[in-house]
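Below is one structure, written out as structure tokens, with a few remarks after it.
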Amino acid sequence: MAELIFFSGTMDCGKSTLALQMDHNHSARGRAGLLFSSHDRAGESVISSRLGLMTQAIEVRPDTDFWEELVRRRTHGTRVNYLICDEAQFYTPAQIEQLARIVDDMAIDVFAFGITSDFRTQLFPGSRRLIELADRTQVLQVEALCWCGRRATHNARTVDGVMVVEGEQMVVGDVEPSTAESDPGQPRLTGGGLDELDLPAGPVIGYETLCRRHHMRRVTAHTARTHAGSDVPLPFDPAAARL
């Protein structure tokens, strides 16, 4: 029987890699599928993995209707056995309900991949509806790590390396460490060329994964490096210690 399965986890846990691997496995067995994504780091209409894997996909927009999309394709004779839905946290609750209807009424498997909660530790609307409706929810086994080495459980948004807990739920930012993040005073290129070095640089918005302890304390990798560099050894007199 067809199922709606939600594969969830933090950033860096291999969701997109698994999505591409699952598409390969099913297509290799003669099954026909459609790939969807939304706001992928590599741009529109693509599913990309940090390992360098990439494939074309259909961009999901706020007005995308999965049910109408499938009805249209089937009416024109297109065979569809499964859907790969990456970045599902950005889908609307109504779109998640459409995916559930496709599973129930069309017997098409839907494999959804997404982050569960945002940088404020609040559930994304799409992820919340997936948890409520999915036949199964699977937390990915590849553990993302906090800068301290513990298992990362939360996503953090940073502005010039400093963690923030207020702002819009969806803001595009870097997900890889950069020179600008480690030293906000360094000039940054924004894609226009060397002339932009003389322009005032805006704040660098980034994301990283943290363990619960450091997320609650708002200690990012940048903050930890800053504090480590400012530590001054206390004076220690061996003679006084014997008193």
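The values are calculated or read from the model by the stated rules, or taken from the named source; none is laboratory data. Quick caveat: nothing in here was measured; it's all calculated off a predicted structure. Every residue, glycine as well, gets a Cβ built from its backbone with ideal geometry; the counts of neighbours run over all protein chains shown. For accessibility, only protein heavy atoms count, side chains too; no ligands or nucleic acids. Shrake-Rupley method; radii C 1.70, N 1.55, O 1.52, S 1.80 Å.
Laid out as a table, the results:
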{"read-out": "Sites Met106 and Met170, calculated FRET efficiency, Cβ-Cβ separation with R0 35 Å, nearest 0.05", "value": "0.75"}
{"read-out": "Global form of the range 36-128, assessed from the alpha-carbon gyration tensor, a/c cut-off 1.5", "value": "oblate"}
{"read-out": "Ordering of 4-15, 146-157 by burial proxy (mean other Cβ atoms within 10 Å per residue, highest first)", "value": "4-15, 146-157"}
{"read-out": "Carbon + sulfur, % of accessible area of the range 58-154 - ligands and nucleic acids excluded, 1.4 Å", "value": "47"}
{"read-out": "The range 1-160: translational diffusion in µm²/s, Stokes-Einstein, Kirkwood Rh over Cα pairs, 20 °C, 1.002 mPa s", "value": "134"}
